[in-house]
Amino acid sequence: MIERFPSPDAQRPSAVELLDVNKSYGTYHVLHDVSLKVRQGSAL
C-alpha cells in the first residue's frame with residue numbers, strides 16, 4: 001500500500017486565486033475559463 005501525504009504547498013493558504021476567468025478583445029476571445037491559484041510564499 002502506498003501512503004500519500006499532502007504536499008507542504010497544499011497546506012498554505014492562497015494569496016491569489018482566479019477561477020474561470022474569460023477575456024475578450026472585441027469578438028476575439030483570448031482566455032477561456034482560466035484558473036490559477038498562488039500559495040503564500042510562492043514566487044512567480
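The values are calculated or read from the model by the stated rules, or taken from the named source; none is laboratory data. Note that the coordinates shown come from a computational prediction; the quantities given were computed from them, not determined experimentally. Every residue, glycine as well, gets a Cβ built from its backbone with ideal geometry; the counts of neighbours run over all protein chains shown.
Could you list all residues from segment 19-44 that are of a type in the set (S, T, N, Q) and exposed (fewer than 10 other Cβ atoms within 10 Å of the Cβ)?
T27, S35
Please specify each residue of segment 20-44 satisfying the condition of being on the phi > 0 side of the Ramachandran plot and in a loop (DSSP other than H, G, I, E, B).
The answer is G26, G41.
Looking at (1) at pLDDT below 95; (2) surrounded by 10 or more Cβ atoms within 10 Å (Cβ to Cβ), which is the one condition that is false for P8?
Exception for P8: condition (2).
Do any residues in segment 15-32 that are modelled with pLDDT of 95 or more and among the hydroxyl-bearing types (S, T, Y) have Cβ atoms under 7 Å from those of residues that are in a strand (DSSP E or B) and loosely packed, with under 11 Cβ neighbours inside 10 Å, where the two are at least six apart or on different chains, and which pairs are they?
From residues that are modelled with pLDDT of 95 or more and among the hydroxyl-bearing types (S, T, Y), the pairs are S24/V30.
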